[in-house]
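Just below is one structure, and these are the notes that go with it.
The values are calculated or read from the model by the stated rules, or taken from the named source; none is laboratory data. Worth saying up front: this structure is predicted, and the values here are computed from it rather than measured. A quick note on method: Cβ atoms are made from the backbone with ideal geometry, for glycine too, and the neighbour counts reach across all protein chains shown. Side chains included, ligands, DNA and RNA excluded: accessible areas come from the protein's heavy atoms. Shrake-Rupley method; radii C 1.70, N 1.55, O 1.52, S 1.80 Å.
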Amino acid sequence: MGKTFAEKILARKSGKNEVKAGEIVTVQPDFVMSHDNSAAISKIFKSIGKKRVICPEKIVIVLDHCAPAASEKYANNHKIIREFVSENGIKNFYEINTGICHQVLPEKGFAYPGALVLGSDSHTTTYGAFGAFSTGIGRSEAAAIWATGKLWLKVPETIKFVINGKMPKGVYSKDLVLKIIGEIGADGALYKAVEFTGNTIDEMSLSERMVISNMAVEMGAKIGYMKPDEKVFEFLNEIDVKGEVEVVFSDEDAVYEKVIEMDVSHLSPKVSAPHTVDNVKDIEEVKGTKINQALLGTCTNGRLEDLRIAAKILKGKKIDKNVRLLVFPASMKIYKEALKEGIFEILLDAGAIILNPNCGPCLGAHEGVLADGEVCISTANRNFKGRMGNKNSFIYLGSPATVAVSAIKGEISDPREFF
Amino acid sequence: MSKIKGKVWKYGDDINTDVIFPGKYTYTITDFNEMAKHALEDLDPEFSKNVKKGDVIVAGFNFGCGSSREQAASCLVAAGVGAVIAKSFSRIFFRNAINWGLPAIDCPEIFDHVEKGDEVVIDLEEGKIYAKGREFSFPPLRDEVKEILMSGGLINYLKKNLEEEK
């Protein structure tokens, strides 16, 4: 009987010949990622009684959640992290001018086929787009890996999606992943590994694929894996890959818990309405909802392609006078590329505010928190009550095209009207 | 630790980490007692004011979905919650709860049989919950996981093991 990707890779990483779904294994991750929460992790680490981290080369820290620091608390938090990094000789440390962790890790070569990456952030699932096994863990668990180099994981069952068809104009991978989440629900893939396959995925760029893997956790999934192909290998050829690439595929006769087939030829733009990600609506149902703020960026949709889509729509136009359009490129690399391409000029002329790469208001920390009763349309991945810092505000999620068109009109609008 | 007795606080499906412990506090509120005051703030403002030590949360599917923030579990511990019983748990929340020594119990059956304020008794060893004269069973935790829970969480478990290694 064949094995899934999850079973094969967790066998390798736990030093066993084979494991099967349901089993508990102790793995040695290739990398453990954390961000601004590294200060809290360092405190937990110290409480274990270890003096120095056991595996400095495996630790990756990116300052991104509130960067630059918005207050004394955040500033002191960053300071603790910088001191800890220096004391422990942690080389894979990325300062506040680098970008959002889920963009930085792929850019810096930590996301590659066969890598096992555990991150103290739920959207660590993003690296599945590169054929890695990557998932979120808690702070104590990150501290445990710093101290021991290992952690227990349950080998998950796998759900396979087979997605075929050509995406219509004005419809993007964000719309696809929202459709999936709307159909199977926020717990539709609870504790499961999810594999995304089919010619729609094959045709997608890495940026588009990352949107889907990023949001796999919003359906409850442990990982959002895609079979690495030429596009992944070409990307890796251009960068300094930090580990040994080991291509692991599911066997042809692997046993899946479920196989779900979809055809996207007639897919339409989707929007998640407040206050849950799986409250997914067709654009027609929410069209006309007045907005106060539009957010373009984040670890979900802050890549160059996303900014290009928005720029194409916003070129020569002005955003509505009642709307604030905030742009957060996912990394400084993307920021520079967008600057060079003239994207910023287009966005600025349209009335946007370009902010530095970081998580910004996505988790309610700073740079665009909402007021009571306000509505935001965002390319981010979560719209929970209070998510953007105010429990009396309303967040809708959509594609970069939906956000750009809505910013112009001052209300949620159908991006297909533009094309 | 093996027996937990308290009153029920009942909530629905998909209770997410932002309503359990808001993201805006994740770096600004770090004191344990202060965290307790904000537990479930955006869901039920009455909770933190009235919760008693040992009280039990009974919830629907996918409890704790969303962020990996560990405070979603630790703020409940800080508030004195004895256990969370749900129809199902989000993966990371489940781990965080166990890692904080907070029993996260999968028992869908009990949901329709208890209301807010009912008293429940949980026997972790036996894998039983007693409420309103009825008995509910839940599957035992895996040994590896149970050991962490019974040690009072992951950090205590590691301390114990590192001590033994010395």
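In the protein assembly as shown, the DSSP beta bridges split such that about 30 percent are antiparallel, to the nearest 5.
Our coupling estimate for segment A:28-37, obtained by passing each phi through the Karplus curve with A = 6.51, B = -1.76, C = 1.60 and θ = phi - 60°, is 10, x, 6, 9, 10, 9, 8, 10, 4, 6 Hz, Gly and Pro reported as x. Taken residue by residue and averaged, Cβ atoms of other chains lying within 10 Å of the Cβ of A:29-42 number 1. Take the Kirkwood radius over Cα pairs of segment B:40-97, plug it into Stokes-Einstein at 37 °C and 0.692 mPa s, and you get 283 µm²/s for translational diffusion.
Across the protein chains, with a 1.4 Å probe defining accessible surface, the residues B:ARG134, A:ARG139, A:ARG52, B:ARG95 rank A:ARG52, B:ARG134, A:ARG139, B:ARG95 from largest area downward. Rg and Dmax of segment A:328-400, both derived from C-alpha coordinates alone, stand at 13.3, 39 Å. Summing both sides, how much accessible area is buried between B and A? Use a 1.4 Å probe and give Å² to the nearest 100. Buried: approximately 3700 Å² between A and B. Ligands, DNA and RNA left out, the accessible area of the protein assembly as shown computed with a 1.4 Å probe is 49% carbon and sulfur.
The value for segment A:188-239 of Rg(Cα) / (2.2 N^0.38 Å) is 1.19. For segment B:88-166, applying the loop criterion from DSSP together with a ceiling of 16 other beta carbons within 10 Å to the GluC sites (Glu not before Pro) yields B:GLU115, B:GLU125, B:GLU126. Restricting the calculation to alpha carbons of segment A:260-417 gives Rg and Dmax of 14.6, 44 angstrom. Can you tell me what percent of all Cα-Cα pairs in segment A:9-146 are more than 24 Å apart? When all Cα pairs of segment A:9-146 are counted, 28 percent exceed 24 Å. Normalised by 2.2 N^0.38 Å, with N the number of residues, the alpha-carbon radius of gyration of segment B:3-165 equals 0.99. Compactness check for the protein assembly as shown: Cα Rg over 2.2 N^0.38 Å is 0.92.
The distance between label points at A:SER265 and A:GLU83 comes to 6.3 nm (points 7 Å beyond Cα on the Cα→Cβ vector).
Counts of other chain beta carbons within 10 angstrom of each beta carbon in peptide A:381-389 average 6.
Kirkwood hydrodynamic radius computed over segment A:287-372 comes to 13.1 Å, based on all pairs of distinct alpha carbons.
In segment B:3-165, Cα pairs under 8 Å separated by at least six residues give a relative contact order of 24 percent. Where both bridge residues fall in segment A:252-379, DSSP classifies roughly 20% of the beta bridges as antiparallel.
With a 10 Å cut-off around each Cβ of A:219-232, the average count of Cβ atoms from other chains is 1.
Can you pull out the GluC sites (Glu not before Pro) in segment A:1-40 that DSSP calls coil and that have at most 14 other Cβ atoms within 10 Å? Don't skip to the end; give the middle numbers.
Numbers: sites: A:GLU7, A:GLU18, A:GLU23; in loops: A:GLU18, A:GLU23.
Taking segment A:1-40 and a limit of 14 other Cβ atoms within 10 Å, the loop GluC sites (Glu not before Pro) found are A:GLU18.
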